[in-house]
Amino acid sequence: MAHARQKLSNVLVSLCESLRAEPMVAAKLRLAVLEFSDDVQVRLAVSDMHRETSLPQLTIRGLTGYRAVFDDLLARIPAGVRWLRGEGYKVHRPVVFLHSDGQPTDGGAWRLPLARLTNRAVTPTVPNIIACGTSDAQARTMVKVATRHEFTVVAKPGIDIGRAGAE
C-alpha cells in the first residue's frame with residue numbers, strides 16, 4: 001500500500017512540475033486536487049499554482065467509485081467556474097486530470113453522470129477530461145472516460161504518467 005501511495009504522489013508531483021514548467025499555463029492555472037473512492041474528498045481547494053508551495057498527501061482507500069467522482073464534478077465544476085468568474089477571472093474550459101489505478105467498482109453506474117458532465121446541454125462548463133490509468137486500469141475504460149481519444153494515457157513500464165498527462 002505504501003508503494004502505491006508513493007506512486008500516486010509521484011504522479012501528482014510530476015503533473016504539477018510539468019504544468020509549472022509552462023509559464024503561460026502556470027500563470028492561468030488554478031488547481032484543485034480531489035481524491036475519490038466510494039466518495040470524494042478535497043485534498044487541495046482551488047489554488048494558484050504560483051502560490052502553492054506544497055502538494056497534499058494522497059491516500060489509498062476504499063473502492064474505485066467512478067460514479068462518485070462524476071457526480072461530484074457535475075456540481076463542483078459549474079460552481080467553481082461561477083466562483084472564479086465572480087473573482088474576476090476569465091475562465092477557459094476546465095480540465096479534469098483523472099488518474100485511476102483500477103477499473104470502476106460501481107459497474108456501469110458511472111456512465112450516466114459522465115454523459116451528463118460531458119454534454120453541453122446539461123453542463124455548459126463541460127471539461128476536457130484527461131484519463132490516466134495505472135496498475136489495473138484498462139485502456140478501454142480510460143478511452144471511454146477521456147473526452148477525446150488522444151486525452152488517454154495508460155501507463156507502460158518507464159512512462160512518466162504525470163508528464164504524459166500534462167503534455
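Taken together, the values in this text are just the output of simple stated rules run on the coordinates, not laboratory data. Just so we're clear, the structure is a prediction, and the values are computed from it rather than from any experiment. Counting neighbours? That spans all protein chains shown, and the Cβs are built from the backbone with ideal geometry, glycine included.
Distant-in-sequence amide contacts of residue 153, defined by a placed amide H-H separation under 5 Å and a gap of 5 or more residues or a different chain, comprise 131, 132, 133.
Under a Cβ-only charge scheme (Lys and Arg +1, Asp and Glu -1), can you give me the dipole magnitude of segment 2-166 about the Cα centre, in debye to the nearest 20?
Values: 22 positive and 15 negative charges, 97 e Å.
Charge dipole, segment 2-166, about its Cα centre: 460 debye, nearest 20.
Helix-only mean residue ellipticity at 222 nm, the chain, DSSP H runs n ≥ 4 weighted -39,500 (n - 2.57), per residue, nearest 500. What is it?
Numbers: 6 runs with 66 residues, N = 167.
That calculation yields -12000 deg cm²/dmol at 222 nm.
Highest mean first, the peptides 83-92, 51-60 sorted by other C-beta atoms within 10 Å per residue fall in the order 51-60, 83-92. Relative contact order, whole percent, for segment 2-166 stands at 21, derived from Cα pairs under 8 Å and 6 or more residues apart. Between the alpha-carbon centers of segment 118-148 and segment 71-93, tell me the distance in whole angstrom. With segment 118-148 and segment 71-93 each reduced to a Cα centre, they are spaced 18 Å.
Within a 10 angstrom radius of the beta carbon, how do 35, 150, 17 rank from fewest other beta carbons to most?
Numbers: 35 18, 150 8, 17 14.
In order of increasing Cβ crowding within 10 Å: 150, 17, 35.
The ranking of 24, 142 from fewest to most other beta carbons within 10 Å of each one's beta carbon is 24, 142.
How big is D, in µm² s⁻¹, for the chain by Stokes-Einstein at 4 °C and 1.567 mPa s if Rh is the Kirkwood radius over C-alpha pairs? So the translational diffusion coefficient is about 79 µm²/s. Backbone geometry of segment 72-82 corresponds, through the Karplus equation with coefficients 6.51, -1.76 and 1.60 at θ = phi - 60°, to 3J(HN,Hα) couplings of 4, 5, 4, 8, 5, 5, x, 5, x, 5, 4 Hz, x marking Gly and Pro.
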